[in-house]
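The structure under discussion appears below in the form of structure tokens.
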């Protein structure tokens, strides 16, 4: 029996094997980056050869964990990675953390309250508590929405790095070529400053919504909390009533942020 050359044996590392560690490092690099990543950048940042990076990227792309960035010799996270993100949210049990907050907000506003989370460059409704009123808004859990439109989306987008905003603006222009980009960006800046977003029949659904973002312990935006109802109720509200709704939504988003701090559930 001939001995196996040492070079043919995968070296063990504290994390597992060298090959597995490299794949994990590449995925984590994508998760930390605000921009698409190319072979040269990955090879440089992780001190790997370009040949090794090419092999890893081919493997990840074949499983839809990454995908080519349009018009660039670079890659971004793919739909399979987004699916893992959704599963991660489920396993983190964010719904149980946020549900008492959403329920209380529903009871105080008497409107449908929702929990949205950021998944890749899109938003997903994770939970809702329906309004007790006969005429109400009801959302569907699971479908993905772009970040450029709607209060729940823009409350998230306003707190994301510039590449996300640039991508959202490009998507919006494809749908609404007449969009005033400067005014849109000014609106995002206003959301960042005041801490909430408002939409009135923005997607033609007859709905109005007030939404505020929540964050992890490091200050990264994770999603948004909203109260929404038919536009006629919001249009009929006095300034004082709307200010009260805004205050309640801001308090709810702040409470979810606080509940996500590690020491709260230690």
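Please treat every number below as a calculation from the coordinates, not as lab data. All of these numbers come straight from a predicted model, not from anything done at the bench. Quick reminder, even Gly has a Cβ in these numbers, built from the backbone with ideal geometry, and neighbours come from all protein chains shown.
For Cα pairs less than 8 Å apart in space and 6+ apart in sequence, what is the mean separation divided by the residue count of segment 58-169, i.e. the relative contact order in percent?
15 percent
Between 0 and 90 degrees, rounded to the nearest ten: what's the tilt of helix 94-109 against the longest Cα principal axis of the chain?
Between the helix axis and the principal axis of the chain, the angle is about 10 degrees.
Quick check: pseudo-label points 7 Å beyond the Cα along Cα→Cβ at residue 136 and residue 258, how many nm apart are they?
Calculated label separation equals 2.6 nm.
If you count, for each residue, the other Cβ atoms within 10 Å and average over each peptide, how do 68-76, 53-61 line up from highest to lowest? Before the final figure, lay out each step's value.
Details: 68-76: 14.2, 53-61: 16.8.
With the highest mean Cβ count within 10 Å placed first, the list reads 53-61, 68-76.
Please give the contour-minus-distance gain from residue 200 to residue 220: 0.36 nm per residue of separation, less the Cα-Cα distance, rounded to one decimal in nm.
Once the chain is fully extended between residue 200 and residue 220, it gains 4.5 nm.
Which residues in segment 25-52 have a backbone N closer than 13 Å to a point placed 7 Å from the Cα of residue 166 along the Cα-to-Cβ line?
34-37
I'm spelling it out carefully: the read-out is P(r) over Cα pairs in 10 Å bins from 0, in percent, the candidates are (i) 7, 33, 40, 18, 2; (ii) 7, 29, 37, 22, 5, 0; (iii) 6, 26, 29, 21, 10, 5, 2, 1, 0, and one was derived from this structure. Which label?
Calculated P(r) over Cα pairs in 10 Å bins from 0, in percent: the matching label is (iii).
So what's the angle, to the nearest 10 degrees on a 0 to 90 scale, between helix 162-175 and the longest Cα principal axis of the chain?
60 degrees
With axes computed from alpha carbons, what is the tilt in degrees of helix 50-62 against the longest principal axis of the chain, rounded to the nearest 10 within 0 to 90?
Compared with the principal axis, the helix lies near 50 degrees.
Using a 10 Å cut-off on Cβ atoms, rank the peptides 93-106, 182-195 from the highest mean neighbour count down.
Put in order of decreasing packing, that is 93-106, 182-195.
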